[in-house]
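Enquirer: First the structure, which I've put down as structure tokens, then a few questions once you've had a look.
The values are calculated or read from the model by the stated rules, or taken from the named source; none is laboratory data. None of these values were measured; they are calculated from a predicted model. Because the Cβ atoms are built from the backbone with ideal geometry, glycine has one as well, and the counts that use them run over all protein chains shown. Keep in mind that these areas ignore ligands, DNA and RNA; they rest on the heavy atoms of the full protein, side chains included. Shrake-Rupley method; radii C 1.70, N 1.55, O 1.52, S 1.80 Å.
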Amino acid sequence: MAATGNNYVLVVFDSCRYDSFLRARPKIMRKLGRVERRWSYASWTAPSHFNLLMGLMPHLSPKNVFASEYYKKEFLRFNERLGRSDIEFRSLVPRLYLPPFLHDNLGYATHARVSLPVLNPKTPVNLGFDSFRLMDKHNDMRAIVREMHFSEKQPSFWLLNVGETHYPYALPDEPENEWPRVHGVHGVFKHLDDHVVGGKLTAPKTRFFNPRKLKELRARQVLAVKYLDTVIEELFDTVPKNTYITITSDHGELFGEDGYFGHGPILHEKVLEVPFVEGKLR
Ligand SMILES: [Zn+2]
């Protein structure tokens with residue numbers, strides 16, 4: 001099949017809450033379009049990215065409509081994203097996964113740069129990619145943008161998993177010994193098997209989650225979004241004209257609401273509520 005169409009960049013701000021995104025008042029990202037309040041299909045990084053790569057963008061939780069009809073309608077938006085008109089709901093059958101479809105059927109170069117170790121290239125998320133790399137630092141989107149390249153011969157798909165918005169909400173130039181420490185909550189890199197951050201707080205630990213600390217952590221996530229807006233400007237300068245960009249999160253984050261911190265094994269509105277903005281720059 002002829003290799004035509006838009007480049008497509010899917011940017012995932014890991015753990016970024018919808019209201020953190022709004023509070024940051026990003027100016028650059030808004031150039032893509034209206035920021036929508038949407039809902040992730042999952043509350044944890046790995047399943048959420050799997051969903052995104054199945055084409056399951058965060059949803060609008062529509063009422064009085066069959067789920068399958070909504071999904072089919074939403075999926076057709078990939079025509080707009082990819083600058084095509086021939087993509088149908090059944091196009092993904094039987095693999096139901098975008099990267100091999102983009103690569104094998106539409107002639108795309110497919111790349112992923114990820115920040116969180118649970119998405120490392122050995123995991124099954126890495127299917128159908130020409131290149132897939134876990135970045136050296138968990139919180140440096142600028143380093144990702146500087147690795148991006150595009151070809152005139154074929155369109156490119158880039159998945160960017162961005163970690164500045166993930167606990168401990170640290171910017172790349174902040175020394176690690178100044179990162180906030182929450183007792184009992186493991187950082188990103190300590191142990192991969194300890195990565196699941198979250199869970200209901202138990203009595204002995206609640207003293208570590210004092211309201212001041214939680215407020216500080218939330219403010220740090222807002223600050224991370226403000227900072228990322230400047231990196232997105234670099235992304236906008238990097239991508240060729242015919243590039244469609246989606247910016248969203250894989251899930252939200254809890255900052256003490258109803259006794260929860262983090263994400264993952266949590267059933268709460270705020271762990272599924274995510275920002276969603278997309279469009280083509282010019
Ligand atoms: Zn995540």
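Enquirer: Hey, any hits in segment 83-98 for a residue that's under 22 Å from D14 (Cβ atoms) and in contact with a Phe, Trp or Tyr (Cβ under 7 Å, 6 or more places away or on another chain)?
Expert: No.
Enquirer: Follow-up question, since we're still on this one. Of all residues in segment 132-175, which are hydrophobic (A, V, I, L, M, F, W, C) and out of contact with any Ser or Thr (no Cβ under 7 Å at 6 or more places or on another chain)?
Expert: F132, L134, M141, A143, I144, W158, L159, L160, A170, L171
To keep it simple, each residue is scored yes or no on (1) touching a residue at least 40 places away in the same chain (Cβ under 8 Å); (2) within 16 Å of the ligand (Cβ to nearest atom); (3) part of a loop (DSSP other than H, G, I, E, B).
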position	(1), (2), (3)
V9	yes, no, no
R23	yes, no, no
L52	yes, yes, no
P62	no, no, yes
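Enquirer: On to the next question. Sort through F236, F255 and tell me the only one that's more than 16 Å from the ligand (Cβ to nearest atom) and surrounded by 16 or more Cβ atoms within 10 Å (Cβ to Cβ).
Expert: F236 is the lone residue from the list that is more than 16 Å from the ligand (Cβ to nearest atom) and surrounded by 16 or more Cβ atoms within 10 Å (Cβ to Cβ).
Enquirer: Can you find a residue in segment 257-271 that is of a type in the set (A, V, I, L, M) and in a helix (DSSP H, G or I)?
Expert: Yes, segment 257-271 has at least one match.
Enquirer: Residues in segment 12-21 that are assigned to a loop (DSSP other than H, G, I, E, B) and near the ligand (Cβ under 10 Å from one of its atoms): how many?
Expert: Residues meeting the conditions: 3.
Enquirer: With the requirement that a residue be within 16 Å of the ligand (Cβ to nearest atom) and open to solvent by 30 Å² or more (accessible area, probe 1.4 Å), what does segment 27-50 give you?
Expert: Scanning segment 27-50 gives W39, Y41, W44, P47, F50.
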